[in-house]
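Notes follow the structure.
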Amino acid sequence: MAIVRPVETESTSHRRFSTHSPVDERIIGEFDVTTAAEVELAVDRARQAQIDWAARSFPERRQVMQAALAILMDRQEEFVDRIVAETGRSRMETTMMEIFAACDSLNFFGERAQSILCERSIDMHLFRLFKRARLVYQPLGVVGVITPWNGPFILALNPTVQALMAGNAVIVKPSEITPDCGRLVEELFTAAGAPNGLVQVITGDGETGAALIESGVNKISFTGSVATGKRVAEACGRNLIACTLELGGKDPAIICADADLDRAVGGTVFGCMMNGGQFCSGVERVYVVAEIAEAFIERVANKVATLKLGHEGDYDIGPFISAAQIDIVESHVNDAVNKGAKVLVGGKRSDLGPYFFEPTLIVDVTHEMSVMTEETFGPVLPIMIVSDEEEAIRMANDTQYGLAATVWTKDKDKGVKIARRLDAGSVILNDSSVTYGALELPFGGMKSSGLGRVNGEDGLRGYCRSQPILINRFNQAEEFVWYPYTEAKRQRLKKAIHWLWGTPFRWLMK
Ligand code: NAD
């Protein structure tokens with residue numbers, strides 16, 4: 001169903017696919033599916049390259065990131081051309097979501113990694129007098145990065161930058177729908193002088209992704225759907241390798257009675273419609289407090305009606321990147337209408353091309369409708385009126401997902417209190433869509449939205465194993481607890497327990 005189609009080939013060893021523009025289905029390119037044996041060879045090459053790379057200092061690794069940044073800035077039009085060809089997205093949105101964000105990732109992690117991952121000494125408590133401790137962040141080895149089609153360059157590049165700065169080699173398996181966007185990552189690092197084999201892209205579908213997990217890599221950084229994420233987690237568990245799972249969401253927006261209405265309208269519509277709604281932490285459902293519901297809905301309707309669907313010149317929303325998406329989105333809208341919802345704007349396919357869907361506003365929705373409970377991943381904004389903020393919080397948490405959420409209120413203290421009560425990996429007050437871009441903060445989900453974090457200190461350290469090294473201060477002949485065990489020693493140990501935790505000396509044990 002995707003805009004990727006099998007191609008007849010005489011090869012008995014490789015399956016082959018063609019990729020097609022989501023605008024008009026014209027052919028963009030063809031690729032061979034990397035076989036399991038080739039995946040293993042790629043991992044072997046990566047493992048070789050990683051040895052020298054891990055030995056490089058942080059400034060040396062940073063130099064490659066800076067070179068990549070300079071190349072990306074210089075060749076950004078070419079990168080935008082190739083990303084737009086596979087996604088149909090506007091050049092403005094592509095520059096914002098992919099190029100701008102990639103530049104920031106290269107620069108930020110290039111600069112910040114050393115302070116987060118450098119070897120450090122740790123203050124000891126129990127062993128304070130007798131030992132020193134160092135904490136070393138060792139690279140894991142080879143990291144597999146498996147990515148979706150909706151942010152096909154940045155979602156491959158950003159984990160790659162973090163894994164590289166931590167001293168790993170990377171194999172990227174991009175979505176079969178957007179393989180060329182994945183290739184850009186390898187091309188960029190090759191041009192930036194990364195050692196041969198350090199960053200490689202393998203193309204293929206789920207079979208290739210599954211082969212990557214079985215190939216001996218040391219970690220999988222997966223971004224994609226909940227269903228695939230569960231399969232990835234099972235395979236990683238079987239292989240006892242680490243994984244982070246960045247999965248789907250059904251992000252709520254709560255519009256309080258005291259919200260700045262203009263900003264809430266603009267931010268909610270943007271948060272929902274950006275990337276044609278194909279955005280993991282986009283606004284997928286809105287709960288507006290009754291007091292301001294009429295005014296809010298009227299302004300949202302006006303705003304949504306102004307959005308321009310298209311594929312040439314200036315436009316706001318392009319086609320679906322994945323063909324399968326239009327059927328999912330249409331079925332959510334139809335299900336809602338059949339159960340009593342009202343479409344105020346849009347609601348149907350557009351005649352611009354086979355994969356265009358009108359920006360849509362729906363009201364009178366309930367949690368009996370898939371548009372309020374399942375990830376829609378399209379330009380559809382369902383709004384539900386609630387009696388108060390308590391009901392909004394209850395409805396927002398009534399979901400299997402927990403990726404992100406937005407709260408709109410002029411009272412920031414109240415906003416923070418609401419945020420703390422939401423089942424969401426991250427929460428934004430009075431803005432939308434910016435959490436993944438705040439690179440110093442850990443990003444990820446709870447519930448079905450995933451495990452682990454990308455970005456921030458947590459994300460970067462996730463590409464390492466932390467190795468404590470304990471160093472004995474004095475070379476005394478032996479330690480008190482060493483053999484032989486005697487009752488006399490046990491009595492002294494009991495005294496020590498009393499002295500350490502039963503007297504004011506307890507403060508030393510912090
Ligand atoms: P998907 O799960 O269908 O595919 C993701 C990747 O996994 C692709 O590269 C695919 O080829 C590969 N894959 C498929 N089966 C596999 C298997 N058995 N083993 C290993 N790899 C396998 O997802 P998609 O449709 O490409 O992407 C859309 C989804 O991604 C949405 O649900 C969206 O919310 C989610 N997403 C999440 C985030 C986040 O950060 N939380 C970001 C972007 C997208």
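The values are calculated or read from the model by the stated rules, or taken from the named source; none is laboratory data. For clarity, every value in this text was computed on a predicted model and none was experimentally measured. Glycine also receives a Cβ, built like all others from the backbone with ideal geometry; neighbour counts cover every protein chain displayed. Note: accessible area is taken over every heavy atom of the protein model, side chains too, but ligands, DNA and RNA are not part of it. Shrake-Rupley method; radii C 1.70, N 1.55, O 1.52, S 1.80 Å.
Considering the range 176-196 alone, what residues qualify as being near the ligand (Cβ under 9 Å from one of its atoms) and either over 22 Å from GLU30 (Cα atoms) or open to solvent by 10 Å² or more (accessible area, probe 1.4 Å) (or both)? Break it down stepwise before answering.
Within the range 176-196, the subset near the ligand (Cβ under 9 Å from one of its atoms) is 176-178, 182.
Scanning the range 176-196 gives GLU176, ILE177.
Residues in the range 498-505: is at least one over 20 Å from ALA133 (Cβ atoms) and polar (S, T, N, Q)?
Yes; the residues of the range 498-505 include at least one that is over 20 Å from ALA133 (Cβ atoms) and polar (S, T, N, Q).
Scanning the range 312-328 for residues that are closer than 19 Å to GLU25 by Cβ and in a loop (DSSP other than H, G, I, E, B), which turns out farthest from the ligand (Cβ to nearest atom)?
Of everything passing the filter in the range 312-328, GLU312 is farthest from the ligand (Cβ to nearest atom).
Those residues that are closer than 30 Å to ALA67 by Cα and either over 25 Å from the mean Cα position of the chain (by Cα) or open to solvent by 70 Å² or more (accessible area, probe 1.4 Å) (or both), I need them from the range 109-134; list them, please.
GLU111, ARG112, GLN114, SER115, GLU119, ARG120
If you check every pair at least six apart or on different chains, which have Cβ atoms under 6 Å apart with a residue in the range 88-100 that is in contact (Cβ under 8 Å) with a residue 24 or more places away in the chain first and a residue that is β-branched (Val, Ile, Thr) second?
GLY88/VAL23; GLU98/ILE83; GLU98/ILE154
For the list (1) loosely packed, with under 14 Cβ neighbours inside 10 Å; (2) outside the structural domain of GLN138 (by TED's automatic domain parsing), I need the number of the one condition that GLU60 fails.
(2)
Search the range 51-75 for residues that are touching a residue at least 24 places away in the same chain (Cβ under 8 Å) and pair each with any residue that is surrounded by 14 or more Cβ atoms within 10 Å (Cβ to Cβ) and among the basic types (Lys, Arg) when their beta-carbon atoms are under 8 Å apart and the residues are at least 6 apart or on different chains.
Taking only residues 6 or more apart or on different chains, the pairs are TRP53/ARG61.
What's the number of the condition GLY206 fails, among (1) open to solvent by less than 10 Å² (accessible area, probe 1.4 Å); (2) within 16 Å of the ligand (Cβ to nearest atom)?
(1)
Do you know which residues across the range 443-498 are farther than 30 Å from LYS230 by Cα and of a type in the set (A, V, I, L, M, F, W, C)?
Within the range 443-498, ILE469, LEU470, ILE471, PHE474, ALA477, PHE480, VAL481, TRP482, ALA488, LEU493, ALA496, ILE497 meet the criteria.
Say whether the condition of being hydroxyl-bearing (Ser, Thr, Tyr) and under 16 Å from the mean Cα position of the chain (by Cα) is met by at least one residue in the range 393-416.
yes
Do we find that LEU439 is in a helix (DSSP H, G or I) and at pLDDT 95 or above in this structure? Give the steps one after another, and end with the answer.
Details: in a helix (DSSP H, G or I): no; at pLDDT 95 or above: yes.
Answer is no for this residue.
Can you work out which of the residues in the range 324-337 that are closer than 17 Å to CYS280 by Cα and of a type in the set (A, V, I, L, M, F, W, C) is most open to solvent (accessible area, probe 1.4 Å)?
It comes out as ILE328.
Among the residues of the range 16-72, which ones are aliphatic (A, V, I, L, M) and in contact with a Ser or Thr (Cβ under 8 Å, 6 or more places away or on another chain)?
The answer is ILE27, ILE28, VAL33, ALA36, VAL39, ALA42, VAL43.
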